[in-house]
Amino acid sequence: MSSKAIIRLSAIVAGVSWLGTVFTALSILFSKTTGINQGVGDEVPPVLFSLFILSLFTFYKYRIEKAESINFVDLLWKVFVTGLIATIVSLLFQLVLNMLGNTKLAQNLIFLDFIYLSNLGLVAAFLISTFIVWKRLILYQKSRFLLTTWKIFEYSLLISLVFNALPIPTITYVKDIYAGLLVLMGMFLSANMKWVAYLNFKQKWKSILLIALAMFYLGYFSFTLLGAAEDISEQTVDFLDFRGNMFIVALIGFIFIYALFSLLVLLFNLPTSSVFEQKLEEVVNFQKLSQSIQTEQNEERVYEILLESSSNTVFADAAWIEVNDNPKEPVYYTQNINAEEIRQIKFHLEANNIKGILDQGSDKTKNLNRYLSTLKGSSYRSIIAFPIKVKGKQEATLALLKDVSDGFNKENSKIIGTFTNQAGISIENFRLLSEALQNERYLEELKIAKRVQSSLLPAELEDDKDFNIVAFSEAADEVGGDYYDSYRINEHKIALIISDVSGKGTSAAFHMSQMKGVFHSLSQHDMSPKAFLASANKALSNCLDKASFITTSYFVIDTKQKAVEFSRAGHCPTLFYKKSDDEVTYFQNKGLGLGILRNNGFENYIQINSFKYSPGDVIVLYTDGITEAKNGKGDEFGYERLQQVIKRMSQAPADEIQKELINELYAFTGTEAIDDDYTTLIVKFI
């Protein structure tokens, strides 16, 4: 049966069982108050209410737990919405009671019990949906021990329904011990909050607000139910008293404990940025693979670095790389697994005709993690695999394993996909460099390197109604070390960067690829330009060779504030045309190139500046190849000529300004052969 069918069926059962609970409970109460026997036994309402709880549990289990989204804030939003709806309906009931005042209907025991049962149903729906959300949060980055503990806790909760549904005579202290064990397991599980580390600052604040509201709902519901139960119990004991329902009481306690723990952890984690540390680790691993292009001497070492980096990043329990040179005698690079276990897994996949895992076929299956659940004699239950391609051909396969089902998520897939792509580029360049040593395919190697580098430069830059932006880049050799890019941080902020790597050729191009990885990893965290450059210097210091450095200018345009913040790390001073003053000036803020100073004192050499912009203003970012371009007499193009061109063309659109600047540059040098890379990034505010 499909998930949609199960959701539909469980919703129907929940509705019918709740109506049955209300009808039978009210019938029994009517019989006790009037003496007219309705033929309904006292054991029927608890049984129907337990069925209602089970159907609700199934409904939310498939609707929330089986959903593919793992966005934590979205999960907490589901708790908020469910609680809000339940609270609104409960308040409407209370409003009706207040409007009735001291009328006979407002004091009628059957009417009061109906409202009480309705509130109890709403509370049960809120509690169970919140319980399923808590489960997804607790089991994020799960282990086998955690999964086993959770299953014991979940099944124990469901078993507690037996105490309520069936007239089983129990000794009071046994029931109390059982309830105490549930509380202890709930407290133990509440300590698992790895999901908090993956929230940024803004998401943490949203989570705090949503969890606080969930605790408010919980308090309101508990107070409402407790008050209603006490009012009814003063007149009769023949009603469905939630205070004796171990499942409901245990669920209230567990949800409150986890909400309280989560709130405290989120508050204590606000000053830190754990997610930044995780992203920085991913950047370092990516840089390690990039650096292997220059430092390692063989393909085997690239595979070893890829295996280690991938396993550490996604916390895999085992991994292997299979090189496809000889299908009859494959070469394996392994971690925590041997060749016999690998053959067993491959045979299992082939025997069950499972496509799209190791072969990455066009008929790629969905939910690949579940196919190891039937594998006997192995502790692994999740597998995810990636092809390692060189020149479009699959040369090897990376496979990662975990000992729990559904152990990998979409974020893991994206990270490892980036690693394998970089490894493929590394291996490709190894082979090309080997051929270059023989001087037989040197031109082909440079073309491939240029293709790799050109793919690192953006095909399109971020556009905005406040400004137009254009870029131009021409390398002096087949490949160069100039880099520019843009990134939309949010609706109102766009980051711009221009960088110039010291040196020329492939070495500069590879460092440029590292700069791109750092830019895209850090810019999404909405840092100030000074903080960005400090973090970038820290990340790059571990992978740049001692003789290399990168000059950079980093700008953040805020279209809401009509302002620009920027910092410079040893790069050329930015040119700025102010329309209102009809003046062209250079920003001379201080800065030191990335990788020059490799300690915590780097940020002391970085200055952050800001200014307001108006329509008609122009920003020109460029590399030193522009100002240092020479003519036949040895004269440089210089800063003054650059100012003159921009002022003369200041009223033109950005693309025309760029075209005129490049034409003027080539006319000055008198040749299309250039000694250094030409790169410009022009922003025209409109």
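The values are calculated or read from the model by the stated rules, or taken from the named source; none is laboratory data. As the structure is a prediction and not an experimental result, all values here were calculated from the model. Here Cβ is always computed from backbone atoms with ideal geometry, including for glycine, and neighbour counts include all displayed protein chains. The area values use the complete protein model at the heavy-atom level, side chains included, leaving out ligands, DNA and RNA. Shrake-Rupley method; radii C 1.70, N 1.55, O 1.52, S 1.80 Å.
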Point to revise | Residues in region 205-232 reached by a label modelled at Gln107 [backbone nitrogen below 15 Å; 7 Å Cα→Cβ] | key: 232
Exercise for review: In whole angstrom, note down how far apart the Cα centers of region 38-116 and region 504-532 are.
Suggested key: 53 Å
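Would you mind computing Rg(Cα) / (2.2 N^0.38 Å) for region 448-524, counting N as its residues? Don't skip to the answer; put the middle values down first.
Values: Rg = 13.0 Å, N = 77, 2.2 N^0.38 = 11.5 Å.
Its radius of gyration relative to the 2.2 N^0.38 Å reference: 1.14.
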Study note, to complete from the structure: Hydrodynamic radius by Kirkwood for region 72-155, inverse mean 1/r across distinct Cα pairs, in Å, is 15.3 Å
**Study point:** Carbon + sulfur, % of accessible area of the chain - ligands and nucleic acids excluded, 1.4 Å
**Key:** 56 percent
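Of the peptides 462-469, 514-521, how do they stack up when ordered by the mean number of other Cβ atoms within 10 Å, highest first? Walk me through the numbers on the way to the answer.
Details: 462-469: 16.1, 514-521: 21.8.
In decreasing order of mean packing, 462-469, 514-521 become 514-521, 462-469.
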Check your understanding: Under 5 Å between amide H atoms, partner at least 5 residues away or on a different chain: which partners does Val40 have, H built in plane at 1.01 Å?
Key -> none
Review point. Quick one: Debye curve from the C-alpha atoms of region 56-110, no solvent, what's log10 I(q)/I(0) at q = 0.16, 0.22, 0.26, 0.31 Å⁻¹?
Key: -0.65, -0.86, -1.03, -1.15
Study note, to complete from the structure: Long-range amide H partners of Val390, meaning residues 5 or more apart or on another chain whose placed amide H is closer than 5 Å, are Glu395
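Assuming R0 = 45 Å, what is the FRET efficiency of Asp635 and Asn200, from their Cβ-Cβ distance, to the nearest 0.05?
On the way: r = 51 Å, r/R0 = 1.12.
Efficiency for this residue pair is about 0.35.
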Check your understanding: Roughly what would the spin-label model give for Tyr220 and Leu95, points 7 Å off Cα along C-beta, in nm?
Key -> 1.2 nm
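Quick check on region 7-131: take the gyration tensor over C-alpha atoms, sort the square-rooted eigenvalues as a ≥ b ≥ c, and tell me if it's rounded (a/c under 1.5), prolate or oblate. Provide the component values of the computation, followed by the final result.
Details: a/c = 4.03, a/b = 1.56, b/c = 2.59.
Judged from the Cα gyration tensor, region 7-131 comes out oblate (a/c at least 1.5, b/c at or above a/b).
Pulled fully out, how much extra length does the chain show between Glu340 and Val81, if you take 0.36 nm times their separation in residues and subtract their Cα-Cα distance? Mind dumping the intermediate values first?
Numbers: separation 259, 0.36 × 259 = 93.24 nm, distance 5.08 nm.
Using 0.36 nm per residue and subtracting the Cα-Cα distance, I get 88.2 nm.
Hey, what D do you get for region 192-260 in µm²/s if you plug the Kirkwood alpha-carbon radius into Stokes-Einstein at 25 °C and 0.890 mPa s? Don't skip to the answer; put the middle values down first.
Numbers: Rh = 14.2 Å.
Using the Kirkwood radius from Cα pairs, D works out to 172 µm²/s.
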Check your understanding: Which of the peptides 496-504, 245-253 is most tightly packed, and how do the rest follow, judged by the mean count of other Cβ atoms within 10 Å per residue?
Key -> 496-504, 245-253
Practice item. Determine how many Å³ per residue the convex hull of the Cα atoms of region 597-654 encloses. Key: 146 Å³
Exercise for review: Tabulate in residue order the Karplus-calculated ³J(HN,Hα) for region 253-263, using 6.51 cos²θ - 1.76 cosθ + 1.60 with θ = phi - 60°, rounded to whole Hz; enter x for Gly and Pro.
Suggested key: x, 5, 5, 5, 4, 5, 5, 5, 4, 4, 4
Practice item. Place the peptides 100-110, 649-659, 382-392 in order of packing, highest mean first, counting for every residue the other Cβ atoms within 10 Å and averaging per peptide. Key: 382-392, 649-659, 100-110
Practice item. Read phi for every residue in region 424-434 and hand back ³J(HN,Hα) as whole Hz from Karplus 6.51 cos²θ - 1.76 cosθ + 1.60, θ = phi - 60°, with x for Gly and Pro. Key: x, 5, 4, 5, 4, 6, 4, 5, 5, 5, 5
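Return the inverse of the average 1/r over all pairs of distinct C-alpha atoms in region 456-570, which is the Kirkwood hydrodynamic radius, in Å to one decimal.
Working: mean 1/r = 0.0685 Å⁻¹.
After inverting the mean inverse Cα-Cα distance, the result is 14.6 Å.
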Point to revise | Whole-number accessible area per residue in Å² for the chain, which is evaluated in the context of all protein chains at 1.4 Å | key: 47 Å²
**Study point:** C-alpha center-to-center spacing [region 318-354, region 638-686] in angstrom
**Key:** 57 Å
Exercise for review: For Gly591, list long-range residues whose amide hydrogen, built 1.01 Å from N in the peptide plane, is under 5 Å from its own amide hydrogen.
Suggested key: Gly570
Review point. Quick one: Karplus J couplings for region 46-59, per residue in order, coefficients 6.51, -1.76, 1.60, θ = phi - 60°, nearest Hz, x for Gly and Pro?
Key: x, 5, 5, 5, 5, 5, 4, 5, 4, 5, 4, 4, 5, 4
Exercise for review: Provide Rg over Rh for region 563-686; use the alpha carbon set for both Rg and the Kirkwood Rh (inverse mean inverse pair distance).
Suggested key: 1.00
Study note, to complete from the structure: Quick calc, Glu230 & Thr34: beta-carbon distance into FRET formula, R0 25 Å, rounding 0.05, result 0.60
Check your understanding: Can you give me the relative contact order of the chain as a percent, contacts being Cα pairs under 8 Å and 6 or more apart?
Key -> 9 percent
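Looking only at Cα atoms, what is the convex hull volume of region 94-220 per residue, in Å³? Kindly include the intermediate steps, with their values, before the conclusion.
Details: hull volume 18.2 nm³, N = 127.
About 143 Å³ per residue, rounded to a whole number.
If each DSSP helix of 4+ residues adds -39,500 (n - 2.57) and the sum is divided by the residues in the chain, what number results at 222 nm, nearest 500 deg cm²/dmol? Don't skip to the answer; put the middle values down first.
Values: 19 runs with 365 residues, N = 686.
Only helices count here, giving -18000 deg cm²/dmol.
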